[in-house]
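Inspection log for the structure reproduced underneath, given as structure tokens.
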Amino acid sequence: MRSRSVSPLVLAARLEVPRPPASVVADWERDIHGQLGLEPGDVAPLPLARTRRRWPDLRPCVSAAADWMQQFGLRDLLTDSDIALMACRGARFHHDGAQYGGAAFCNLFLSEDKGLDVWFPFAGQRIPLAQGTVLVFDTCQPHAVVERGSDRFDAAAFGPGRDCSQVFLTWELPVQDAALARLLGIEFDVEAVQLDDEQVRRDGQALEVCAQTGRPL
């Protein structure tokens with residue numbers, strides 16, 4: 001992976017997608033609270049194959065995301081990329097550059113509106129989460145899932161008494177694809193730094209952010 005810039009852009013829209021049946025939502029919730037035991041701020045994968053078997057209308061959800069990407073000329077990039085089904089109970093401030101520095105994420109949210117936002121403090125962009133919310137963003141861009149309008153991640157707001165889990169499809173899109181790099185404004189070889197592993201750097205130092213505030217540590 002070559003050294004590259006971090007895109008400040010977040011692309012977002014609201015798509016019309018099928019509503020998951022109550023039996024599938026209940027299945028997700030059993031996994032979230034039982035199998036995964038998600039704590040506030042956690043993000044973890046759900047069994048995609050089982051959801052595909054139990055909910056045939058997942059395929060139109062995938063098609064809706066692909067159709068949206070077509071306007072950017074990236075439909076084939078989406079359909080050829082790895083897909084996963086994920087769940088979260090909010091999300092602490094973080095970036096994914098150490099693990100997915102060579103990718104951008106496309107996320108399509110399948111859960112109903114529960115009063116949460118995805119907040120990108122460095123980009124200054126906030127996107128309300130609702131069924132059909134779709135995002136494309138650089139994995140190196142710090143972000144969190146917080147209460148609507150909040151600038152902080154408060155674990156107490158995502159306790160066991162609140163229905164706050166979100167389920168979403170996610171695709172890893174390779175940023176070395178020329179069309180995606182142009183769309184996000186990513187430039188390569190912007191600094192001559194030799195690194196042993198992937199990381200996000202700011203002012204010459206590895207960037208980590210506070211899990212509650214998103215501020216650089």
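The values are calculated or read from the model by the stated rules, or taken from the named source; none is laboratory data. Values in this document were obtained by computation on a predicted structure and should not be read as measured data. Heads up, the Cβs are rebuilt from the backbone with ideal geometry, glycines too, and the neighbour counts pull from every protein chain shown. What goes into the accessible areas is simple: the full protein's heavy atoms, side chains included, and nothing from ligands, DNA or RNA. Shrake-Rupley method; radii C 1.70, N 1.55, O 1.52, S 1.80 Å.
Quote the charge dipole size of the chain about the Cα centre in Debye, to the nearest 20; the model charges only the Cβ of Lys and Arg (+1) and of Asp and Glu (-1).
Numbers: 22 positive and 30 negative charges, 112 e Å.
Dipole size: approximately 540 debye.
Set Lys and Arg Cβ to +1 and Asp and Glu Cβ to -1, take the dipole of the chain about its Cα centre, and tell me which of GLN176, GLN166, MET69 lies farthest positive.
Comparing the listed Cα positions along the dipole, GLN166 ranks first.
What is the dipole size for the stretch 60-158, taken about its Cα centre, with +1 at each Lys and Arg Cβ and -1 at each Asp and Glu Cβ, in debye to the nearest 20?
Values: 7 positive and 12 negative charges, 51 e Å.
Around 240 debye, computed over the stretch 60-158.
Please compute the Cα-Cα pair-distance distribution of the stretch 62-217 with 5 Å bins starting at 0, giving whole percents from short to long.
Answer for the stretch 62-217: a P(r) of 2, 9, 17, 20, 20, 16, 11, 5, 1, 0 percent.
Using only the Cα atoms of the stretch 112-178, each taken as one equal point scatterer with no solvent, compute I(q) by the Debye sum, divide by I(0), and report log10 of the ratio at q = 0.22, 0.25, 0.27, 0.28 Å⁻¹.
Taking Cα atoms of the stretch 112-178 as identical point scatterers yields -1.04, -1.24, -1.34, -1.39.
In the stretch 31-170, carbon and sulfur make up what percent of the accessible area (probe 1.4 Å)? Each step should come with its number before you reach the end.
Details: 2650 of 5650 Å².
Its accessible area is 47 percent carbon and sulfur atoms.
List the equivalent ellipsoid semi-axes of the stretch 1-152 in whole Å, largest first, each obtained as the square root of 5λ for an eigenvalue λ of the Cα gyration tensor. Mind showing how you got there, number by number?
Working: eigenvalues 111, 79, 47 Å².
Over the Cα atoms of the stretch 1-152, the ellipsoid semi-axes are 24, 20, 15 Å.
On a full-extension model of 0.36 nm per residue, what is the gain between HIS33 and GLN99, subtracting their alpha-carbon distance, rounded to one decimal in nm? Each step should come with its number before you reach the end.
Working: separation 66, 0.36 × 66 = 23.76 nm, distance 2.58 nm.
Roughly 21.2 nm would be gained on extension.
Taking only protein heavy atoms into account and a 1.4 Å probe, give the accessible area per residue of the stretch 1-119 in Å².
On the way: 5700 Å² over 119 residues.
Per residue, the stretch 1-119 has 48 Å² of solvent-accessible surface.
How far is helix 58-70 tilted, in degrees, relative to the longest principal axis of the Cα atoms in the chain, given as a value from 0 to 90 rounded to the nearest 10?
30 degrees
Dividing the alpha-carbon radius of gyration of the stretch 8-50 by 2.2 N^0.38 Å (N being the number of residues), what value is obtained?
Numbers: Rg = 13.8 Å, N = 43, 2.2 N^0.38 = 9.2 Å.
Normalised Rg, Cα atoms only: 1.50.
Under the rule of -39500 (n - 2.57) per DSSP H run of 4 or more residues, summed and divided by the residues of the chain, what mean residue ellipticity at 222 nm is obtained, to the nearest 500 deg cm²/dmol? Walk me through the numbers on the way to the answer.
On the way: 6 runs with 45 residues, N = 217.
Estimated from H runs of four or more residues: -5500 deg cm²/dmol.
Filter the GluC sites (Glu not before Pro) in the stretch 75-184 to those in DSSP coil with at most 15 other Cβ atoms within 10 Å of their Cβ, and list the result.
On the way: sites: GLU112, GLU147, GLU172; in loops: GLU112.
Within the stretch 75-184, the qualifying GluC sites (Glu not before Pro) (loop, at most 15 other Cβ atoms within 10 Å) are GLU112.
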